[in-house]
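This report refers to the structure that appears directly beneath it.
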Number of protein chains: 6
Amino acid sequence: MRKREASALLIGRFQPFHNGHLEVVKAISKECDRMIVGIGSAQLSHTFENPFTAGERHLMMSRAFHDEGLENYFMVPIVDVNRYAIWVAHVASLVPPFQYVYTNNPLTRRLFEEAGYEVRQAPMFNRSEYSGSEVRRRIVNGEHWEHLVPRGVAETIHEVKGDERLQEIMKDHSPEATI
Amino acid sequence: MRKREASALLIGRFQPFHNGHLEVVKAISKECDRMIVGIGSAQLSHTFENPFTAGERHLMMSRAFHDEGLENYFMVPIVDVNRYAIWVAHVASLVPPFQYVYTNNPLTRRLFEEAGYEVRQAPMFNRSEYSGSEVRRRIVNGEHWEHLVPRGVAETIHEVKGDERLQEIMKDHSPEATI
Amino acid sequence: MRKREASALLIGRFQPFHNGHLEVVKAISKECDRMIVGIGSAQLSHTFENPFTAGERHLMMSRAFHDEGLENYFMVPIVDVNRYAIWVAHVASLVPPFQYVYTNNPLTRRLFEEAGYEVRQAPMFNRSEYSGSEVRRRIVNGEHWEHLVPRGVAETIHEVKGDERLQEIMKDHSPEATI
Amino acid sequence: MRKREASALLIGRFQPFHNGHLEVVKAISKECDRMIVGIGSAQLSHTFENPFTAGERHLMMSRAFHDEGLENYFMVPIVDVNRYAIWVAHVASLVPPFQYVYTNNPLTRRLFEEAGYEVRQAPMFNRSEYSGSEVRRRIVNGEHWEHLVPRGVAETIHEVKGDERLQEIMKDHSPEATI
Amino acid sequence: MRKREASALLIGRFQPFHNGHLEVVKAISKECDRMIVGIGSAQLSHTFENPFTAGERHLMMSRAFHDEGLENYFMVPIVDVNRYAIWVAHVASLVPPFQYVYTNNPLTRRLFEEAGYEVRQAPMFNRSEYSGSEVRRRIVNGEHWEHLVPRGVAETIHEVKGDERLQEIMKDHSPEATI
Amino acid sequence: MRKREASALLIGRFQPFHNGHLEVVKAISKECDRMIVGIGSAQLSHTFENPFTAGERHLMMSRAFHDEGLENYFMVPIVDVNRYAIWVAHVASLVPPFQYVYTNNPLTRRLFEEAGYEVRQAPMFNRSEYSGSEVRRRIVNGEHWEHLVPRGVAETIHEVKGDERLQEIMKDHSPEATI
């Protein structure tokens, strides 16, 4: 009989996945049998806050995980429901069964605790050095950014021309008003 | 044959229902046979602006009404549709038939008037003393707040641990970004 | 301190509420402090299967409850989400806290049990005599139907001209195709 | 000052627009200053029942109208809302103001009458000869069909390869199950 | 055989359509056989930013086009999808086939280019003189505004009492909170 | 520089994943560098046609793939959009970039071809022996079914008590009607 695996859930937007995220993932992977990585706000893309599609983020992260030798993970896009009272049930139906949740976000902690899950403190990383918004700012301004993300992430961004896309849309105009 | 009742509609978010709301409800209840109380933005909860679920608000208010001896009312959760041109039809399909609407909100007035309803000025209450945001601010800061709301409301908030929830989520982080 | 009430949940479409429903409600009301009656498929109306709006059903039932002297109940419209894995969370956020659920529907039983609720067998009534579809069939065919429903229900149907509506739409054409 | 125009609303799916529809349109156009033609179920396409997109139907009909010298019309796609109690408000917000509605569909008649509009009987056409499903059946079976529709409709169907599309999808499999 | 027409797409919110918009439309109409004018954010109305319904905007613009002798156009309401990765497919399914897109909005440009469409620079107009927000501001403040829009637009706004509506709702309160 | 991988897309509902599916997956995996497996109708569960959640299906399949030594795959839940004209864009935004699609479904073929993708014939398997509905029928009737699915699938179904769930809900009643 297959051994019941201890699965941990971790959710982020990963716009893009950076070295700080990688440190967290590596630390958690040592504390569980399987990790479920939720790609949050999966429906968003093509804005300054959320430039990359869920599929592009999936590819970035799977390359980074592969290069690190990480294997026991599930990666699952999670679209927003904009209704917090059903958010945990929404997540739980989309991902494989899990036993605990890693988060430092107080609302996430609260929602999973109200639903009866065990919530653990996510490992810390250097937030002043690594942040998605800093990576995006550097891409927009044409500064160096590749050293802040795993190699597979940088390759993916170049491959899908994500840097060029981000530079063009940085003003974040709504597409509904084209005149 | 049953007498045709004069029903009045009043809609609010009631986050939470406070003594000012109660004054309004009591005044209107004297001017109609039946009052329909719409619990607006019913899909929202677990944020600083909207901490309580529609069900929790329903319970708070029904206790407050019971303690006041108010009986002839309907309480109906109304989820947002985010499209004002159909909002009146949305409300009208969810609540029992009504003859007039009490409101001091100019957009609400306009929408119901364009749809042909009679709109009346809602009774005034002391807005500097009573407001939902002030109650929430006091809960977050650990100040006294129970005297601003009916007894049944305070009991419900304690019962569902709503004060603790509000303190934890006051930063109002999105749950989509848990790293 | 307010005594913690034992609340029971019962959900139906009530198209329309009939004497069989009333028997069930009366039986359950003796076994709990408060009953929560969910008006299911609240978004539907104007079809043969679902002729009455949620608001009309709300009015019918509150009149029937009033005439029976039933007082300790909450009535809550529940719109469909068409996604069973989140249905219990959806319901639970809209209604006041409840301790057990009455149902004879196997899927409803399963969903609430998977979510950890206590589920009880709903009291039986004479299904060969009382059914919503039979009431609707009789209305369409111009046969007697008023004796199958509580007086307040019949009054409401006449008041909103629900019998006439049902007769007109019995063919249940889609309004999208008007030519 | 611009003369107030008498506008009539007519809604159909027009899958595709055929000679029977054209007869109706021509008859109504003589009884009003402006006609509003709603393209119903605008979100549907690529099935046997609804093979053509709203945009393709728009093009077909505007060519047919142009060839007939019809000028005073608005053409507006109407997506389904699947909730009849708000359907009239939905339509009314998308189309220019109108005074009456032409329909032979009892539900459409009922909904617009409940909302206070004047509803008129749509002109008759030969339903045994002209019907959308017959045109689609003939396309699927490779029989003659062009004589049943206006010339601009046939041209458009050929141009967008709609006949080929219909033949391929006639089994109407769901795209969700591709294995 | 019908000549294949070169169709251009132009999308705006047109709240309201003003003389600057008209200049753009007239310039584009000379460069193509048919113009498709998308009425963006079609679901919005009754706010300061978006006071007019899609149907009212449709009427305004068709009057303005008629007075200018513009004939070869399609006017299509486009509701927002709030998900940019599918926005082009959404638009393309609602409007007739088109060959190129006119826009000065960088995100719109990017989205249509990623989908393989030819995107052209929209003609310029005097933005300091003509803007929707300036027209709305003047209406709210009771200043002159009619000279900034085509005659048919002003007539329509007066006819639907749009100026009065805008003055009443200028505070843009949410209708969900009516107490 | 990372080699550009040839990625193939395959979508199914996998209710549940059976030995026929596994044959197809193994055959395709030899023809591409990476396979993207879309879990279709991801929002559905708890019905006879769709008993398992997307998360449960994800777990079943990843166990089956692991036991077969399959490694180069992405697994992505795809919720239905019920609007075929935008379905390909919806899928493409959720999954990593792909070059071709394997399918035997004519509508899927048509939709991806209209969007410009290369579509290939999916490998055949013995449909009379292996089918999701046959597996579900056997589970409901208490017959042998484990030999029709990979070992990891059977283990998962037992682990989540999916067989018991299917037996209880086989009548597929709507949960909206619990009386």
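Just a few scattered comments:
- A single member of D:Glu56, D:Glu68 is in contact (Cβ under 8 Å) with a residue 12 or more places away in the chain, more than 9 Å from every other protein chain (Cβ to nearest Cβ) and either out of contact with any Gly (no Cβ under 9 Å at 6 or more places or on another chain) or more than 26 Å from C:Ile169 (Cβ to Cβ) (or both), and it is D:Glu68.
- Within the range E:95-153, the residues that satisfy the criterion of being more than 14 Å from chain D (Cβ to nearest Cβ), touching a Pro at 6+ places or on another chain (Cβ under 7 Å) and not in a loop (DSSP other than H, G, I, E, B) are E:Leu107, E:Thr108, E:Leu111, E:Gly132, E:Val135, E:Arg136.
- Residue count for the range E:95-109, restricted to those that are buried (at least 20 other Cβ atoms within 10 Å of the Cβ) and of a type outside the set (Ser, Thr, Tyr): 7.
- Some residue of the range D:129-145 being among the acidic types (Asp, Glu) and closer than 22 Å to B:His90 by Cβ: no
- Just one of the numbered conditions (1) more than 14 Å from chain A (Cβ to nearest Cβ); (2) within 18 Å of the chain's Cα centre (by Cα) is not true of C:Val88: (1).
- Any hit, the range F:120-135, residues being of a type in the set (A, V, I, L, M, F, W, C), out of contact with any helix residue (DSSP H, G or I) (no Cβ under 7 Å at 6 or more places or on another chain) and buried (at least 16 other Cβ atoms within 10 Å of the Cβ): no
- Hey, D:Pro150 free of Cβ contacts under 8 Å to residues at least 40 places away in the same chain, within 30 Å of E:Arg63 (Cα to Cα) and either under 15 Å from the mean Cα position of the chain (by Cα) or open to solvent by 60 Å² or more (accessible area, probe 1.4 Å) (or both) or not: no
- Check on B:Ala92, open to solvent by 10 Å² or more (accessible area, probe 1.4 Å), assigned to a helix (DSSP H, G or I) and of a type in the set (A, V, I, L, M): yes
- Some residue of the range F:170-179 being modelled with pLDDT of 95 or more, farther than 19 Å from F:Arg57 by Cβ and open to solvent by 40 Å² or more (accessible area, probe 1.4 Å): no
- Members of the range D:59-70 found to be assigned to a helix (DSSP H, G or I) and open to solvent by 30 Å² or more (accessible area, probe 1.4 Å), listed by number: D:His66, D:Asp67, D:Glu68
- Filtered residues of the range B:47-58 (kept if open to solvent by less than 10 Å² (accessible area, probe 1.4 Å) and farther than 24 Å from B:Ala89 by Cα): B:Pro51, B:Phe52
For every residue, the table says whether it meets (1) at pLDDT 95 or above; (2) not acidic (Asp, Glu).
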| position | (1), (2) |
| --- | --- |
| D:Arg2 | no, yes |
| D:Glu23 | yes, no |
| D:Thr47 | no, yes |
| D:Glu71 | no, no |
| D:Val91 | yes, yes |
| D:Leu107 | no, yes |
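- Inter-residue pairs, beta-carbon under 8 Å, first more than 12 Å from chain E (Cβ to nearest Cβ) and in the range D:154-166, second aromatic (Phe, Trp, Tyr) and open to solvent by 40 Å² or more (accessible area, probe 1.4 Å), 6+ apart: D:Leu166/D:Phe48
- Checked against (1) in a helix (DSSP H, G or I); (2) more than 7 Å from every other protein chain (Cβ to nearest Cβ); (3) of a type in the set (S, T, N, Q), F:Gln15 meets all criteria but (1).
- Residue check for B:Tyr73: out of contact with any strand residue (DSSP E or B) (no Cβ under 7 Å at 6 or more places or on another chain) and surrounded by 19 or more Cβ atoms within 10 Å (Cβ to Cβ): no
- Residue that is nearest to the other protein chains (Cβ to nearest Cβ) [pool: residues in the range C:24-43 that are part of a loop (DSSP other than H, G, I, E, B) and open to solvent by 50 Å² or more (accessible area, probe 1.4 Å)]: C:Asp33
The values are calculated or read from the model by the stated rules, or taken from the named source; none is laboratory data. Keep in mind it's a predicted model, so treat the numbers as computed, not measured. With ideal geometry, Cβ positions are generated from the backbone for all residues, glycine too; neighbour counts draw on all protein chains shown. Heavy atoms of the whole protein, side chains included, go into the accessibility calculation; ligands, DNA and RNA do not. Shrake-Rupley method; radii C 1.70, N 1.55, O 1.52, S 1.80 Å.
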